[in-house]
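One structure below.
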Amino acid sequence: ESVLRYQPHGGRPHEKAIVAAHLKSRGLSVAADEVLITSGAIHGLACSAMSLLRPGDAVAVDALSYPGIQVVAELSGLELVALPASGLGLDPDALDALCRRRKIRAVYCMPTLHNPLGWVMPLAQREALIAVARRRGLLLLEDGTYAFLEKKAPAPLAALAPDITVYVSSLSKSVAAGLRFGFACAPAALVPKIHRAIRATVWNTPTLVTSLCCGWLQDGTVARLEQEKRCDAIARQRIVSTVLAQFEMVRHPASYFVWLPLPAGVRSDAVAMRLKEDNVLVSTAAPYAVGSQPPHAIRLALGSVSHADLKRALEKVSAIVAGLAD
């Protein structure tokens, strides 16, 4: 009966403590009262945006970014400003130069296993980004959705700069997308504001879901699934290495996606159309590009099918891209 009643908007105290314990495996030590349970990571991003930012605020992002942040920005009246990459992530010097030209309120980034490029930002680059954020008074929105796939990542931004960072993640990629169980960690002063946004959007994440997920966090199910998925992703990337060996790719060795820049003269929409006719769906760069002409590239998602089906689909990708290049 207890799980069918109204619950605290950001989760029950014992559930927040369980999530806080889980986050230690990602190098993030937070107090339970700094955790808010959400209906997925994108819900955490949306609640953070609507409660901490204002319409018209400018948010710096990677030139290629997770499409969800574009939807959040559109609905919240935010302006996304694209920044070039430097090394394996957003360029801190370019961010600093941008802040000299105009008012930037926040930065959204995925420092550990970037979507769609699979980058893991080095520690020195993270520290440089934080230095700029402190100097310019920026809020950092850190998305750790895919961080579980990288076992040896540097410390999260939220661990290095907990006073200016909101960290969001979920169990969507590590367990199941349909669960809609996520969490946001924020400085104590910002928690009440995000709390109000959760109340306004869902009141509380369904307690049947939070009870199930917290049980899996406690009994080791989530840890086991994360390890199995890391091994599975590595195996799938090996298939990619074999089938698409002739192409230059951007990827992480333990991720479930590949960024494939296309050969000169090959259009991404033509590739996507030909593959769709052959029952293979891929994404072009358009949903990921912020504020500029999308490059001719495609994103290949490697999960949800058997290894044998994946190999066959990648062979179709190879044949069609090579054929259009010829």
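The values are calculated or read from the model by the stated rules, or taken from the named source; none is laboratory data. None of these values were measured; they are calculated from a predicted model. FYI the Cβ positions are ideal-geometry reconstructions off the backbone, even for glycines, and counts take in every protein chain you see.
A quick yes/no check of all residues on (1) in the same structural domain as Asp62 (by TED's automatic domain parsing); (2) assigned to a strand (DSSP E or B); (3) farther than 26 Å from Ser255 by Cα:
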site: Arg135; (1), (2), (3): yes, no, yes
site: Leu141; (1), (2), (3): yes, yes, no
site: Ala153; (1), (2), (3): yes, no, no
site: Ala158; (1), (2), (3): yes, no, no
site: Asp163; (1), (2), (3): yes, no, yes
Requiring at least 3 residues that are over 22 Å from the mean Cα position of the chain (by Cα) and under 26 Å from Leu157 (Cα atoms), the helices (runs of 4 or more DSSP H) wholly within segment 187-261 are 191-201
Reported set for segment 211-229 where residues are of a type in the set (Asp, Glu) and either under 13 Å from Leu179 (Cα atoms) or in contact (Cβ under 8 Å) with a residue 40 or more places away in the chain (or both) is Glu226
With the first residue restricted to segment 131-159 and required to be over 19 Å from Asp91 (Cα atoms) and crowded, with 19+ Cβ neighbours inside 10 Å, and the second required to be of a type in the set (D, E, K, R) and modelled with pLDDT under 95, Cβ contacts under 6 Å at 6 or more apart or on different chains are Ala147/Arg26
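Only one of Val271, Val266, Val240, Val317 is crowded, with 20+ Cβ neighbours inside 10 Å, within 23 Å of Leu64 (Cβ to Cβ) and free of Cβ contacts under 8 Å to residues at least 60 places away in the same chain. Can you tell me which?
On the way: Val266 fails: crowded, with 20+ Cβ neighbours inside 10 Å; Val240 fails: free of Cβ contacts under 8 Å to residues at least 60 places away in the same chain; Val317 fails: free of Cβ contacts under 8 Å to residues at least 60 places away in the same chain.
From the options Val271, Val266, Val240, Val317, the qualifying one is Val271.
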**OP:** Could you please let me know if Val266 is under 17 Å from Met249 (Cα atoms), assigned to a helix (DSSP H, G or I), in the same structural domain as Met249 (by TED's automatic domain parsing) and modelled with pLDDT of 95 or more?
**Re:** no
